[in-house]
Amino acid sequence: MDADFFRAWISEIATVVETQRDHLTQLDAAIGDADHGTNLARGFTAARTALARADTPTPGSVLLLTGSTLISKVGGASGPLYGTAFRRAAKALGDEPQADLPALAQALEAALAGVTKLGAASDGQKTMVDALAPAVAAFSQAIADGASETAAFAALTDAADAGAHNTIPMQALKGRASYLGPRSVGHEDPGAASTALILHALRDVASRQTA
Amino acid sequence: MDADFFRAWISEIATVVETQRDHLTQLDAAIGDADHGTNLARGFTAARTALARADTPTPGSVLLLTGSTLISKVGGASGPLYGTAFRRAAKALGDEPQADLPALAQALEAALAGVTKLGAASDGQKTMVDALAPAVAAFSQAIADGASETAAFAALTDAADAGAHNTIPMQALKGRASYLGPRSVGHEDPGAASTALILHALRDVASRQTA
Amino acid sequence: MKKLINSPDMVVSEALAGMAAAHPSLSVDVENKVITRAGSPTAGKVGLVSGGGSGHEPLHGGFVGHGMLDAACAGEMFTSPVPDQVLMATQRVDGGAGVLHIVKNYTGDVLNFQMAAELADDEDIEVVSVVVNDDVAVQDSLYTAGRRGVGATVFVEKIAGALAERGASLAEVAAVAAEVNERTRSFGVALTSCTVPAAGKPTFDLAEQEIELGIGIHGEPGRTRAPLRPARDIAATVMDAINADLPLEGDLLVMVNGMGGTPLIELYLTFGEVNQYVAGHGARISRNLVGNYITSLEMQGFSVTVCGLTQTLADLWDAPVQTPGLRWGR
Amino acid sequence: MKKLINSPDMVVSEALAGMAAAHPSLSVDVENKVITRAGSPTAGKVGLVSGGGSGHEPLHGGFVGHGMLDAACAGEMFTSPVPDQVLMATQRVDGGAGVLHIVKNYTGDVLNFQMAAELADDEDIEVVSVVVNDDVAVQDSLYTAGRRGVGATVFVEKIAGALAERGASLAEVAAVAAEVNERTRSFGVALTSCTVPAAGKPTFDLAEQEIELGIGIHGEPGRTRAPLRPARDIAATVMDAINADLPLEGDLLVMVNGMGGTPLIELYLTFGEVNQYVAGHGARISRNLVGNYITSLEMQGFSVTVCGLTQTLADLWDAPVQTPGLRWGR
Ligand SMILES: Nc1ncnc2c1ncn2[C@@H]1O[C@H](COP(=O)(O)OP(=O)(O)O)[C@@H](O)[C@H]1O
Ligand SMILES: Nc1ncnc2c1ncn2[C@@H]1O[C@H](COP(=O)(O)OP(=O)(O)O)[C@@H](O)[C@H]1O
Ligand SMILES: [Mg+2]
Ligand SMILES: [Mg+2]
Ligand SMILES: [Mg+2]
Ligand SMILES: [Mg+2]
């Protein structure tokens, strides 16, 4: 997977969050402040534009610019968190012109580590971590088990979907939703939902390539 | 008709405007500021209370206290106008212990004169004058024609009802409704409606007495 | 009806009790609904009395204080005060130099203040009344009630108050009040109606995409209904109406006033549009107010008030004022 | 959705353009959404920077000026500003004595200000951050995001601003800011929801006779729903929650704050109820604010913020302040 692949991923995310913008915002309206879709649409559209302008020869440089753009354009909780995630992934990928599956897995683990370090959220607190953590684990596991690329990406998104879905019965302990206390139960966490969308975008771009 | 008669009249008005309070307020909502019913209920209830407390031996003293109370309790346009009406009527009745039909007719004519002098409204401008003027004229005419008391009061209220009804197609030129311009057309004027109620109360009290 | 009240008939007096507790600089006669400066009257100073129906806060009570009003009479909700209140206020602020009555042009306000002025005259208190009538949404005519008094009231109270503070005579104070009124025009727009507590439901109903143009400050319907449009277009409609009546020129004092339920962020946005309109017409906003100054309960909407300034009027506008609703310069 | 706007994504910058036109005392960088005092930095003075999502006006931009903030960063609607904005503001107001960041306790605000502080540190600008968390509707706990920062922010900005104006050190200014936060508690109630322009519909729906208790300032639903009650009872519920967390005693600074869509007459009425409650609990309101200071767009509702005063804090509260949103004493 080269720089084009990662640019395609970010571009795909921008498209998806734009189409899912209202859905994400409505999830946020239920337990937050009704801006998550707007925030991510603004951020990833800006990242796509930045990538179109700048010269990003390596996968790392693509994700680094993406992360910096998210941090300077999104704001809110998701801006620094997603921004840090992409920046940490970028650092993990280094200056290599290509990234293979194990490298991508390490990058996603670095992203998760960045989110948990910054946001101090652990599993079960009804945040994006509840989608990202199981997805990253499943992805690494599949690769360790020698699964095909297709199977590995399927494991990634299946775990992300399940993780996002599992946030519904949780009571939020982090982020804005925590202010609702017990009333946060029964709603899917918007950040977990957007994390699943972001990983689906990755899988879709990959499947297009192999196709 | 003695002081008791006139006290009964004011008391009857207080009852009627209280029951018709929302109706009058809704008429005012359509072309004014939705307070006419509230204003009159406050004013005539206060007048009834004042009459219960004070010693008002003559018809004139009853109406004088009523007018003064309306002026100091109602506010708005209707307060000074109705207050002046009752005070002028009071002056016309003087200190007589009794008022006969012709005296009452003169008192009502004085009331009308007071309203038109203070408010400078002429016929057809969509105000209480459009109910009061024809009613007073019909009442005096009936008495001049030697009609029975019952017939005279019937003439009074029929003319008031017709007058109030006739304000519907008028465009307001005076009062708050005039700000609506052509949009004031198609609604009954609240003050004309309350004038009809006040004169109906007079007729009802009279018919009870004769009964 | 959703309101922070205890009962509709207690709203005005309970709110006055709150004002009394909040503002030691005021002396609030809750029973008679008369607000004066603590320590009134000011000897030798012309007294300024205004008043009107309640529901327009901070007008008028919030403008009592140094450099503005000496007294305000609070009527029932949207109902002008009664002559007794106005007389009481007049007596309490008469410092021997006479009293100016600032009256918004509504039949009720005019009649009640007029009766009060007659009563004051019986007591040999010199009273001059200035009637404010700046609303260009209402066609002026000798045969009608004439134009409503709206936003210009704030300007008149501030500028006349400043001149009175300088020790001017009643005639001079009345003259500047009249001059401000003559130089000022307003126009209002409603996005929603308001609900009079005693009435219990909205005075008028607007569809989701409808607005009322040319409204007053009592929830009266306006002159016309129009579809909801971008703020820029609404501002242009408002400014066209004002400009057509009194062409914009020179230095202007402009107020973008919220009707009570419109957030400040929208008022600032609208002020930006008004400012561009004014600049585009070769005039200049040299003084401004943006916020809720003369309201209509919880109504969403705004009004624009424009006054053509002279150097004298600008100086009087800049003079110190210290009231709950307007405060600067000291 | 009925709003005086041109398009949802332009609201914040167009409102800032309006602020720029309205307030020559401010220097408004519309592109970067950073508001500073004209003529910043003030050499030798500790700089105060705050900021947060837009939609809370006059907070924060309306509190930039003498005696209060040096700079405010306006985020998107209800979205905290980004680190670049905060860094820019920090650079522009650093007069060599360091900069205080006043941060409302929301994950987004905390993270973005934290990143900005790190960037400022890279440039050797000394930054201390104070996190405001006064909302008693949220249970505090080490394991959660903790309490929200709401009304106390206004008190912190005013009092820390006054101390900075006196030439105090960054450590002293930060200490008084923290002290005010520790002595202050708030609780909010919504009668209606608000509508985020980009979302296009109300964030939550309330029945005609329902209210939300324990709301924040972003249209988040509150802790519980309750039936609409008289203002006296609602005020008691609010004050009970505050009093249970920090017993009322001595001289208090109390703000009855409107959420944006509640008329002033209701706020005064509510203040009267709060005042009676406080008196009934043996304390005394010696300073107060009644009005819209930290809002949630057009939401109808209010919040009460109570701070236990010391003589020092009272003096700092009384010190001159000259901002669009708060102004007295000079
Ligand atoms: N401490 C945290 N750790 C991880 N994720 C978090 C944390 N706090 C919030 N989030 C995520 O951020 C999402 C909200 O993002 P967004 O709505 O854009 O920001 P804001 O809450 O500031 O409006 C939540 O749904 C949650 O998944
Ligand atoms: N100039 C006038 N002459 C006669 N009647 C008038 C005049 N102006 C208003 N009215 C009457 O007063 C009524 C309104 O009374 P009310 O609603 O109590 O006062 P306000 O208009 O001040 O709210 C109108 O319906 C009209 O009949
Ligand atoms: Mg959000
Ligand atoms: Mg009326
Ligand atoms: Mg009225
Ligand atoms: Mg947000």
Inset, instruction - Among the numbered conditions (1) in a loop (DSSP other than H, G, I, E, B); (2) under 20 Å from D:Asp245 (Cβ atoms); (3) among the β-branched types (Val, Ile, Thr); (4) at pLDDT 95 or above, tell me where D:Val189 comes up short. - result: (1)
Inset, instruction - Would you please name the residue that is nearest to the other protein chains (Cβ to nearest Cβ), looking only at residues in the stretch D:95-107 that are over 21 Å from D:Ile159 (Cβ atoms) and touching a residue at least 40 places away in the same chain (Cβ under 8 Å)? - result: D:Tyr106
Legend entry - Members of the stretch D:291-330 found to be among the aliphatic types (A, V, I, L, M), within 10 Å of chain C (Cβ to nearest Cβ) and within 14 Å of the chain's Cα centre (by Cα), listed by number: D:Leu297, D:Leu326
Legend entry - Subset of the stretch D:95-139 that is of a type in the set (D, E, K, R) and within 22 Å of the chain's Cα centre (by Cα) - its residue that is farthest from ligand 3 (Cβ to nearest atom): D:Asp134
Inset, instruction - Could you check the stretch D:231-330 for strands (runs of 3 or more DSSP E) lying wholly inside it with 1 or more residues that are of a type in the set (Phe, Trp, Tyr) and in contact with a strand residue (DSSP E or B) (Cβ under 9 Å, 6 or more places away or on another chain)? - result: D:301-308
Inset, instruction - Can you confirm whether the stretch A:30-38 contains a residue that is surrounded by fewer than 24 Cβ atoms within 10 Å (Cβ to Cβ) and touching a residue at least 60 places away in the same chain (Cβ under 8 Å)? - result: yes
Legend entry - Which listed residue, of C:Ser50, C:Ser80, is more than 14 Å from chain D (Cβ to nearest Cβ), crowded, with 24+ Cβ neighbours inside 10 Å, within 16 Å of ligand 4 (Cβ to nearest atom) and within 26 Å of C:Glu123 (Cα to Cα): C:Ser80
Inset, instruction - Could you tell me whether the stretch D:24-33 includes any residue that is away from ligand 4 (no atom under 16 Å from the Cβ), aliphatic (A, V, I, L, M) and more than 23 Å from C:Leu267 (Cβ to Cβ)? - result: no
Legend entry - Elements of type helices (runs of 4 or more DSSP H) contained in the stretch A:1-59, each with 1 or more residues being more than 16 Å from ligand 6 (Cβ to nearest atom), farther than 19 Å from A:Ile71 by Cα and within 12 Å of another protein chain (Cβ to nearest Cβ): A:21-31
Legend entry - Single match in C:Gly161, C:Gly146 (criterion: at pLDDT below 95, farther than 16 Å from B:Asp33 by Cα and surrounded by 19 or more Cβ atoms within 10 Å (Cβ to Cβ)): C:Gly146
Legend entry - Verdict on B:Pro97 being assigned to a helix (DSSP H, G or I) and on the phi < 0 side of the Ramachandran plot: no
Inset, instruction - Answer with yes or no whether D:Gly62 is farther than 26 Å from A:Tyr82 by Cα and without any contact (Cβ under 8 Å) to a residue 60 or more places away in the chain. - result: no
Inset, instruction - Just give me the residues in the stretch D:3-18 being free of Cβ contacts under 8 Å to residues at least 40 places away in the same chain and either assigned to a loop (DSSP other than H, G, I, E, B) or within 20 Å of C:Met255 (Cα to Cα) (or both), in sequence order. - result: D:Leu4, D:Asn6, D:Ser7, D:Glu14, D:Ala17, D:Gly18
Inset, instruction - Grab the helices (runs of 4 or more DSSP H) fully contained in the stretch A:103-211, keeping just those with 2 or more residues being modelled with pLDDT under 95, more than 16 Å from ligand 4 (Cβ to nearest atom) and out of contact with any Cys (no Cβ under 9 Å at 6 or more places or on another chain). - result: A:190-210
Inset, instruction - Kindly provide the set of residues from the stretch B:65-78 that are part of a helix (DSSP H, G or I), crowded, with 24+ Cβ neighbours inside 10 Å and at the interface with chain C (Cβ under 9 Å from one of its Cβ atoms), ordered by number. - result: B:Ile71, B:Ser78
Inset, instruction - Name the residue, out of B:Ala177, B:Ala142, that is away from every other protein chain (no Cβ under 14 Å) and away from ligand 6 (no atom under 16 Å from the Cβ). - result: B:Ala142
Inset, instruction - Kindly indicate the residue of the stretch C:111-166 that is under 27 Å from C:Gly65 (Cβ atoms) and of a type in the set (Lys, Arg) and also nearest to the other protein chains (Cβ to nearest Cβ) among those meeting that condition. - result: C:Arg148
Legend entry - Pair list, Cβ < 6 Å and 6+ apart or interchain, from the stretch C:19-43 residues that are under 15 Å from C:Leu326 (Cβ atoms) to residues that are part of a loop (DSSP other than H, G, I, E, B) and aliphatic (A, V, I, L, M): C:Ser25/C:Ala38
Legend entry - Given (1) farther than 22 Å from C:Thr184 by Cα; (2) surrounded by fewer than 24 Cβ atoms within 10 Å (Cβ to Cβ); (3) more than 14 Å from chain B (Cβ to nearest Cβ), index of the condition C:Asp245 fails: (1)
Inset, instruction - Residues being more than 11 Å from ligand 2 (Cβ to nearest atom), within 30 Å of C:Gly216 (Cα to Cα) and without any contact (Cβ under 8 Å) to a residue 24 or more places away in the chain: count how many of those fall in the stretch B:1-29. - result: 4
Legend entry - Filtered residue count, the stretch C:19-43, keeping only those that are within 14 Å of chain D (Cβ to nearest Cβ), in a loop (DSSP other than H, G, I, E, B) and not polar (S, T, N, Q): 4
Legend entry - Search result, residues across the stretch B:154-185 that are more than 18 Å from the chain's Cα centre (by Cα) and either crowded, with 21+ Cβ neighbours inside 10 Å or β-branched (Val, Ile, Thr) (or both): B:Ile168, B:Met170, B:Ala172, B:Arg176, B:Ala177, B:Ser178, B:Tyr179, B:Leu180, B:Ser184, B:Val185
Inset, instruction - Would you check if there is a residue in the stretch C:92-102 being over 27 Å from C:Glu31 (Cβ atoms) and either of a type in the set (A, V, I, L, M) or away from ligand 4 (no atom under 16 Å from the Cβ) (or both)? - result: yes
Inset, instruction - Check the stretch B:79-94 and report whether any residue there is within 30 Å of C:Ala199 (Cβ to Cβ), within 16 Å of ligand 5 (Cβ to nearest atom), touching a residue at least 60 places away in the same chain (Cβ under 8 Å) and outside any helix (DSSP H, G or I). - result: no
Legend entry - Residues satisfying the stated conditions in the stretch D:198-226, i.e. within 16 Å of ligand 1 (Cβ to nearest atom) and surrounded by fewer than 22 Cβ atoms within 10 Å (Cβ to Cβ): D:Phe204
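The values are calculated or read from the model by the stated rules, or taken from the named source; none is laboratory data. Just so it is clear, the model here is predicted, and its values are computed rather than measured. Cβ atoms come from the backbone with ideal geometry, glycine included; neighbour counts cover every protein chain shown.
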